[in-house]
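The values are calculated or read from the model by the stated rules, or taken from the named source; none is laboratory data. Just so it is clear, the structure is predicted and the values come from calculations on it, not from any experiment. Positions of Cβ are generated from backbone atoms using ideal geometry, with glycine treated the same way; all protein chains shown enter the neighbour counts. Please note that ligands, DNA and RNA were not included when accessible areas were found on the heavy atoms of the full protein model with its side chains. Shrake-Rupley method; radii C 1.70, N 1.55, O 1.52, S 1.80 Å.
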Amino acid sequence: MGLASFIFKKVMPIPKIINYDKYAFIGAHPDDIEFQCSGTVAKLTSEGKKVSFIIVTDGRFGTQDINMNQEKLVKIRRMEAIEAAKELGVTDIRFLNFHDGGRYNTEEVADKLAIELVDIKPDIIFSIDNHVKSEIHPDHIKVGRAAELALFRCTFPLMMMELGVKDIASPKGIAYYYTDSPNSYIGISSYFNKKISALAKHKSQISKEEGKGLSMKDIISSFKFDGRRYGIRCFSKYAEGFRVLSIDHLHAIPIASKF
């Protein structure tokens, strides 16, 4: 971080995301939130915070089985998402049912997300970091961008009125996950086992055979590796890392991209 961005960050600090009351977690697929945020979700719900999930796509392409029926997989993944959310103490889970695979209009997703955000009225929004240069998944890229557009739209009454909503939301900021530039770390040592058990609910996405897809052993190893390297930053055995920006950082403040 350069001197200018360091000074600016002191003048206009990033939000302390754990200190709010209402949260919306946006996932491109039914398992994205659990992979990256489930320890934080468990921590928030255990403290009595209100947490909502919004799942954008139906996950119909999430298999290597060429004999799997797409509509059957949609139903399976929906139920897995509901079970995983309940494991984390979340009962408000919303499905937008866009077709998996990125062949949809980002602006339409943004409109749908903005409507949900006004209904939820979160203080902090969690979504995928679509600014990671190595990311090639079209759903991650499009949903991450749509979440940003929705964050902007939901704060303007005339924009929302065009969408048929006579209300707004006032989020304080966004926390990006799947990020390569975390600047905030949440200790989850007490919730690490809950993180594993929540992800384990997504059975359709976990290989039962070693060497064929992502096994539970692989997942746990990945969780421990990331958890420890982030944990060093906040004096915790395990942690999750996010790139956090306030709502004020997101418009005409280019230096915030260095945070």
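Computed values, structure above
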{"read-out": "Percent RCO, i.e. relative contact order, over region 20-247, from Cα pairs under 8 Å lying at least 6 residues apart", "value": "24"}
{"read-out": "About the Cα centre, charge dipole magnitude for the chain (Lys/Arg +1, Asp/Glu -1 at Cβ), debye", "value": "780"}
{"read-out": "Residue-normalised accessible area of the chain, expressed per residue, 1.4 Å probe, Å²", "value": "50"}
{"read-out": "Residue order for 236, 52 - accessible surface, 1.4 angstrom probe, largest first", "value": "236, 52"}
{"read-out": "Accessible surface of region 20-247, 1.4 Å probe, proportion on carbon and sulfur as whole %", "value": "52"}
{"read-out": "Radius of gyration, Dmax [region 77-166; alpha carbons; angstrom]", "value": "14.0, 39"}
{"read-out": "Taking N as its residue count, the alpha carbon Rg of region 20-247 over 2.2 N^0.38 Å", "value": "0.98"}
{"read-out": "Estimated 222 nm signal from helices in the chain, with DSSP H stretches of n ≥ 4 weighted -39500 (n - 2.57), rounded to 500", "value": "-12500 deg cm²/dmol"}
{"read-out": "Principal semi-axes in Å for region 17-95 [√(5λ), Cα gyration tensor, largest first]", "value": "27, 10, 10"}
{"read-out": "Within a Gaussian network of the chain (alpha carbon springs, distance under 10 Å), most fluctuating of 17, 54, 76", "value": "76"}
{"read-out": "Across 203/224; 112/208; 10/133, pairs whose alpha-carbon gap is larger than 29 Å", "value": "112/208"}
{"read-out": "Those aspartates and glutamates that a straight Cα-Cα span of less than 18 Å connects to residue 142, excepting residues fewer than 8 apart in one chain", "value": "31, 32, 58, 100, 107, 108, 111, 116, 129, 180"}
{"read-out": "Whole-Å semi-axes of the ellipsoid equivalent to region 143-259 (Cα gyration tensor, √5λ, descending)", "value": "34, 20, 13"}
